[in-house]
Amino acid sequence: MTLTEWLRDPNPASRLQSRMAQTYLSWLRLRRNKLAVIGLMITVALVLMAIFAPLLAPYDPISQNLQERLQPPLTAGHWLGTDDFGRDIWTRILYGSRITLYIVLLVILTAPVFGLLVGTVAGYFGGWVDQVLMRITDIFLAFPKLILALALVAVLGPGMVNAVLAIAITSWPPYARVARAETLTVRNSDYIAAVKLQGAGAMRVIWGHVMPMCLPSVIIRVTLDMAGVILTAAGLGFLGLGVQPPVPEWGLMISAGRKFLFEQWWVATMPGLAIFIVSLGFNLLGDGLRDVLDPRSAGR
């Protein structure tokens, strides 16, 4: 039996085979969506750029060379030109992908997890627990994300760690809403009642049975929100409240190049294009994952 036949077997012999078959079928559905594949390629390219930045970068991202300042694109040795300190823009974009990916990963590891916990607890217990948790969520949702992040960074102080913390604090409420809605649809299901009859406690039911049902919707939301996270991080950097110079962060690079926008347009345009391409990639991938993971749209 070949691997493809093993994955397509309608009668899996083990749990591993069943899960591998589901993953394989999901990949086949995702592969049919050409735009989602483009988004996946952009996301993979971002990861590879971040990992291999020291090997791909032809120059040091911080060292200055004032003799080559504001060189246009396609100049010898500088594909995307140089900035006002003579630093290679392509090199700084490569190293800036590390900062972007670092912020994205930290937000993924904090905001969705906290939002998933709050939403499942609120939806499962209901009553006053639901009312208290959802009213707190509503308070955070009442403020625009960027404005609230600016306020938090202004209180905590500028810096990458504080920027990530501010973005995570402002990003968890939508995940809590999604998780609560999913929990309300499954908490009265027969299999949940069967687990309770077996003596499982509330936290075991939430952790082992409710949260896994909420994960597909949360994953879709995470992928679609990554563009917003990148834009918020770039906005904080643009305003000088995020990553501090001379670290090569894309929003900070746009801020430094805005005074040269009309004569030396490449200084601000190149990092802006990087933000646009990566945000587009996450959005395309998120749309594709929604078609794959959402059972309501998988059959359309």
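Structure above, values below:
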item: Residues being more than 27 Å from GLY281 (Cβ to Cβ), surrounded by fewer than 18 Cβ atoms within 10 Å (Cβ to Cβ) and of a type in the set (A, V, I, L, M, F, W, C) - total across the range 206-232; result: 1
item: Hey, THR183 surrounded by 13 or more Cβ atoms within 10 Å (Cβ to Cβ) and farther than 20 Å from GLY126 by Cα or not; result: no
item: Conditions (1) in a helix (DSSP H, G or I); (2) crowded, with 16+ Cβ neighbours inside 10 Å; number of the one not met by ALA194; result: (2)
item: Candidates LEU25, LEU48, LEU70 - the one that is surrounded by 14 or more Cβ atoms within 10 Å (Cβ to Cβ) and in contact with a Leu (Cβ under 9 Å, 6 or more places away or on another chain); result: LEU25
item: Matching residues, the range 5-55, being within 26 Å of ARG290 (Cβ to Cβ), among the β-branched types (Val, Ile, Thr) and out of contact with any Gly (no Cβ under 6 Å at 6 or more places or on another chain); result: THR23, VAL37, ILE38, VAL44, VAL47
item: Residue tally, condition under 13 Å from ARG180 (Cβ atoms) and not in a helix (DSSP H, G or I), over the range 120-161; result: 1
item: Residue check for VAL164: touching a Ser or Thr at 6+ places or on another chain (Cβ under 9 Å), in contact (Cβ under 8 Å) with a residue 40 or more places away in the chain and within 18 Å of VAL121 (Cα to Cα); result: no
item: Members of the range 269-291 found to be over 11 Å from the mean Cα position of the chain (by Cα), touching a residue at least 60 places away in the same chain (Cβ under 8 Å) and surrounded by fewer than 20 Cβ atoms within 10 Å (Cβ to Cβ), listed by number; result: ILE277, LEU280, ASP287, ASP291
item: Verdict on MET213 being within 22 Å of the chain's Cα centre (by Cα) and under 23 Å from LEU106 (Cβ atoms); result: no
item: Residue identified as not basic (Lys, Arg) and not in a helix (DSSP H, G or I) among VAL247, VAL222, VAL210; result: VAL247
item: Any chance ARG296 is more than 30 Å from VAL155 (Cα to Cα), modelled with pLDDT under 85, assigned to a helix (DSSP H, G or I) and over 17 Å from the mean Cα position of the chain (by Cα); result: yes
item: Checklist (1) surrounded by 18 or more Cβ atoms within 10 Å (Cβ to Cβ); (2) under 26 Å from SER217 (Cβ atoms); (3) not hydroxyl-bearing (Ser, Thr, Tyr) applied to GLY81, failing item; result: (2)
item: Residues that are among the charged types (D, E, K, R) and over 17 Å from LEU80 (Cα atoms), drawn from the range 243-267; result: LYS259
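The values are calculated or read from the model by the stated rules, or taken from the named source; none is laboratory data. Remember, it's a predicted structure, so these values are computed and weren't measured experimentally. Positions of Cβ are generated from backbone atoms using ideal geometry, with glycine treated the same way; all protein chains shown enter the neighbour counts.
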